[in-house]
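Everything below concerns the one structure shown next.
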Amino acid sequence: TEAWGPDDDKPRRSAGPVRVRVPAKINLHLGVGPLRSDGYHELNTVYHAISLFDELTARAGDTLTLTMEGEGAGELALDESNLIIRAARALATEARVPAHARLHLRKSIPLAGGLAGGSADAAATLLACDLLWGTGLSRDELGEIGATLGSDVPFLLHGGTALGTGHGEAVSPILARPTTWHWVVAIADGGLATPEVYRELDRLRAGGSAPVALGPADALMAALRQRDPAVLGAVLGNDLQAAALALRPHLADVLKTGAEAGALAGIVSGSGPTCVFLTADGAHAQTVAAALADAGVCREAVTARGPMPGARVI
Ligand code: ATP
């Protein structure tokens, strides 16, 4: 029941069920520029998709329904406010088809963790429903719809490692020789609301107490080409880190513990509170993850690899 489109690596239609796996993202570089008149900050970011996945299944149905299991089940509303429902409706409106599907989410990406889980789910929904409904849009067309739902959706449709500009929605892939990077992801108890973290950064900047802004990602891009984790570790940076630390001072202990455990570098992921650590290889990642878990500074420490492809049918 599947046919592959000519200019895209995705199939065209499936009678269902359609199962899509989508990764979490981290930002290797997150340069936050000034607040624009449209309420967004101008970003210079390097996105990187890692092997921590949500899985969305879409089945034919008579109405639009959503169920879920895993991370955040019971906390996350499954109504019209959910990005999955909003993504399905946005695609149905664009393609002029009825928004009929039974959607089920298996969630592993923590809520409000700075890993773009909501945007990941929206990306997975756009891809799954496009196939289920046979609407036949390209990844770029799905990305345009997705950008109206969350700045990270276009990246999560493409995956890999990519430069993000605008408010993050304008994505261009970074072509580097294939290298696998090994990460440890320290998942916190509870989330941080992204808008609150941006507001805190604006406040720190207004008071003159924010670190100098990172600006463009040139050093990071050069480091990626060298394929040496020590080199990459030296240039990881996040303008939101100071704000996340101000709101969650305990994150300093997480970063310190990772450094003491021998991680090559550690940063807050996006708006936090998740922290990510770069390690030399898979064995080193396991050692650092174990040290973080033993210290009891986070809810859970898991290893992950990157880059990973974006939303894909499995
Ligand atoms: P980002 O890094 O993109 O700022 P985040 O990782 O910090 O995001 P998310 O988990 O993506 O945070 O979502 C933030 C909020 O979006 C949640 O607290 C929730 O209120 C809302 N939301 C709506 N739908 C979803 C969804 N399917 N998954 C997660 N959050 C959702």
Condition check: within 11 Å of the ligand (Cβ to nearest atom), aliphatic (A, V, I, L, M), modelled with pLDDT of 95 or more and touching a helix residue (DSSP H, G or I) at 6+ places or on another chain (Cβ under 7 Å). Does Leu83 satisfy that?
yes
Restricting the search to the stretch 111-149, which residues are surrounded by 24 or more Cβ atoms within 10 Å (Cβ to Cβ) and on the phi > 0 side of the Ramachandran plot?
Gly114, Ala116
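Mind telling me which of the residues Ala230, Ala246 ends up being closer than 18 Å to Asp189 by Cα and of a type in the set (A, V, I, L, M)?
Numbers: Ala230 fails: closer than 18 Å to Asp189 by Cα.
Unique residue meeting the criteria: Ala246.
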Which residue pairs have Cβ atoms under 9 Å apart, sit 6 or more places apart or on different chains, and have a first residue in the stretch 78-92 that is farther than 15 Å from Leu137 by Cα and a second that is in a helix (DSSP H, G or I) and acidic (Asp, Glu)?
Asn82/Asp121; Leu83/Asp121; Ile84/Asp121
Scope the stretch 18-63; condition surrounded by fewer than 24 Cβ atoms within 10 Å (Cβ to Cβ), under 11 Å from the mean Cα position of the chain (by Cα) and hydroxyl-bearing (Ser, Thr, Tyr); matching residues:
Ser51
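Could you identify the single residue in Ala101, Ala123, Ala73, Ala58 that is within 13 Å of Val22 (Cβ to Cβ), in contact with a Lys or Arg (Cβ under 8 Å, 6 or more places away or on another chain) and more than 10 Å from the ligand (Cβ to nearest atom)?
Values: Ala101 fails: within 13 Å of Val22 (Cβ to Cβ); Ala123 fails: in contact with a Lys or Arg (Cβ under 8 Å, 6 or more places away or on another chain); Ala73 fails: within 13 Å of Val22 (Cβ to Cβ).
Unique residue meeting the criteria: Ala58.
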Checked against (1) farther than 30 Å from Ala295 by Cβ; (2) assigned to a helix (DSSP H, G or I); (3) within 11 Å of the ligand (Cβ to nearest atom), Ser151 satisfies every condition except (2)
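I'd like to check something: does the stretch 64-73 contain any residue that is part of a strand (DSSP E or B), under 24 Å from Ser138 (Cα atoms) and at pLDDT 95 or above? Before you say what the answer is, go through the steps one by one.
Let us first name the residues in the stretch 64-73 that are part of a strand (DSSP E or B), namely 64-70.
Adding the requirement that they be under 24 Å from Ser138 (Cα atoms) leaves 64.
Of the ones still in play, those that are also at pLDDT 95 or above are 64.
Yes; the residues of the stretch 64-73 include at least one that is part of a strand (DSSP E or B), under 24 Å from Ser138 (Cα atoms) and at pLDDT 95 or above.
Of the residues Gly134, Gly143, which single one is more than 17 Å from Lys25 (Cβ to Cβ) and not assigned by TED's automatic domain parsing to the domain that holds Ala290?
Answer to the check: Gly134.
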Name the residue that is nearest to the ligand (Cβ to nearest atom), counting only residues in the stretch 86-98 that are out of contact with any strand residue (DSSP E or B) (no Cβ under 8 Å at 6 or more places or on another chain) and among the basic types (Lys, Arg).
Arg86
Out of the residues in the stretch 246-284 that are of a type in the set (Val, Ile, Thr) and within 14 Å of the ligand (Cβ to nearest atom), which is nearest to Gly306 (Cα to Cα)?
Val276
Long-range neighbours under 6 Å by Cβ, at least six apart or interchain, first residue at pLDDT 95 or above within the stretch 204-220, second of a type in the set (Gly, Ala, Ser) and assigned to a loop (DSSP other than H, G, I, E, B):
Leu204/Ala210
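Here are Arg96, Arg19: which of them is at positive phi and modelled with pLDDT of 95 or more?
Arg96
The values are calculated or read from the model by the stated rules, or taken from the named source; none is laboratory data. All figures in this text were calculated on a predicted structure; none of them were measured in a lab. Counting neighbours? That spans all protein chains shown, and the Cβs are built from the backbone with ideal geometry, glycine included.
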